[in-house]
Every structure is written in C-alpha cells, then in structure tokens.
Amino acid sequence: NAGVTQTPKFQVLKTGQSMTLQCAQDMNHEYMSWYRQDPGMGLRLIHYSVGAGITDQGEVPNGYNVSRSTTEDFPLRLLSAAPSQTSVYFCASSPRGLAGARYLTDTQYFGPGTRLTVL
Amino acid sequence: SQQGEEDPQALSIQEGENATMNCSYKTSINNLQWYRQNSGRGLVHLILIRSNEREKHSGRLRVTLDTSKKSSSLLITASRAADTASYFCATDAMNTGFQKLVFGTGTRLLVSP
C-alpha cells in the first residue's frame, strides 16, 4: 500500500492564481480531511469528508473548495491564491466514518504534505 | 472552537531521561489521540485513548486521560535522540453532529545524546 499520497510536494503561485492539491489513499478509508499547518498554529482543519459525495467545512474553509467523487481521491482547490494561504498542507485519511448515528474519528493517516508559497 | 493545548511548548532533555507532555482541552470528547511529527514530515499516529479509558501503554509510551480535568499526558520513558520531534494531541468532540478532529499547537521535544 502506498498509504496517503499528495502532489505536488512544493508549489509556488502568484496571487490570484488557482490550483488543485491532489490527495489519494489506497486503504479504502471513508474519512478524509485537509489541514493546513502554520508556524505556532498547529494544524487547522480546512475541509473534511466522511464518504464519497459528502463533504463539510472545517475551521478555516474560506478560499478553498473540495469534492469527493470517489473513495480514493480528495482534491483541494485554491480558487484565487492569496499570500495568507502560504502554508504546509496535509491530507489525512481514517478508516472510521459513519458509525450508527454518529460519525466517529479514528486514527488519522497523514500524507507527506505540500509546501505552498503564494507570492 | 475546541482545541487541545499542549504544555510545555518546548522541552529539552538528555537521552535516557523521561519526557512528559500535557494536553488540556475544553469540551467533552469521544477520544484523544497523540501524534508525532518529525521536521518537515507528515504526522504519525502514536496512540488513541477513548473517553472511558484512563491509561494506555504502547512500548515506551504511556498516555493518561483525566476527563474530569479535561487533560491528558504523554510520557516517553528512556528517551532517545530519535524521539526528537513535535508532539501533538488531537481531540474528537462529542455531540457536534459531524465529529471533527482538532489539533493542539504541539510540544517540541529535543533529546540530546
């Protein structure tokens, strides 16, 4: 298993450009999420999905879109890049999604990250 | 929003010593997890402890959870230079519909040979 893969590893954008960060997992996990990590801020949740066709916002969703058309893929789109989006982005997947009437999180498996710089 | 807060922010010890990190959170949780991040890498899961558990062990790691104080601690015994990393706690809040994992700001551990 490759686990969670992310592409690209590094990216430099100009303000106003758009791009898509790719994330894929081959573990058949239901739950996938995107985080950004800034110095001194820890990880902050951007968007997450508890299954194909189901997405929701996290703590810092503005400026980002996601979709989940397949179990394996969960791309993150930057609509119009801004310098404030300079960060390291991590994708994660988890084997736990719907459990009865509640969605429970479990062990998260992280990708290696994408370091994004917006000039 | 709920967030785990780790304490201390940074910890420097010698090889062979024990390292203790603490995490406090604000609201009731389903579970609490600890992760390690080596510089420039993704996070690696260490241990998960559920709200009805008080202590859990994994190798040299010992995690405790006190739900009455809304706090957890991670103890690394007989530390090694390879334990140098940042350590994060993450909590999964109860009763919020969709359960979201929220990370703290981390403790940077430096283990010197």
Next item on the list: Confirm whether B:Arg50 is within 11 Å of chain A (Cβ to nearest Cβ), more than 30 Å from A:Lys9 (Cα to Cα) and free of Cβ contacts under 8 Å to residues at least 40 places away in the same chain.
Entry: yes
Next item on the list: For region A:81-110, name all the residues that are in a strand (DSSP E or B) and either within 20 Å of B:Val44 (Cα to Cα) or modelled with pLDDT of 95 or more (or both).
Entry: A:Ser87, A:Val88, A:Tyr89, A:Phe90, A:Cys91, A:Ala92, A:Ser93, A:Ser94, A:Tyr109, A:Phe110
Checklist line | All positions within region A:6-40 that are among the β-branched types (Val, Ile, Thr), part of a strand (DSSP E or B) and open to solvent by 60 Å² or more (accessible area, probe 1.4 Å) | finding: A:Thr7, A:Val12
Notebook entry, point to check: surrounded by fewer than 21 Cβ atoms within 10 Å (Cβ to Cβ) and closer than 27 Å to B:Asn38 by Cα, is that true of A:Asn65?
Noted result: no
Check: Got a sec? Which of A:Gln17, A:Gln57 is modelled with pLDDT of 95 or more and either on the phi > 0 side of the Ramachandran plot or of a type in the set (S, T, N, Q) (or both)?
Finding: A:Gln17
Notebook entry, point to check: Any idea which residue in region A:47-57 is surrounded by the fewest Cβ atoms within 10 Å (Cβ to Cβ), counting only those that are touching a Lys or Arg at 6+ places or on another chain (Cβ under 6 Å) and within 12 Å of chain B (Cβ to nearest Cβ)?
Noted result: A:Thr55
Check: Tell me, which strands (runs of 3 or more DSSP E) lie completely within chain B with 1 or more residues that are more than 24 Å from A:Gln37 (Cα to Cα), open to solvent by 20 Å² or more (accessible area, probe 1.4 Å) and β-branched (Val, Ile, Thr)?
Finding: B:61-66
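The values are calculated or read from the model by the stated rules, or taken from the named source; none is laboratory data. Quick caveat: nothing in here was measured; it's all calculated off a predicted structure. Cβ atoms come from the backbone with ideal geometry, glycine included; neighbour counts cover every protein chain shown. For accessibility, only protein heavy atoms count, side chains too; no ligands or nucleic acids. Shrake-Rupley method; radii C 1.70, N 1.55, O 1.52, S 1.80 Å.
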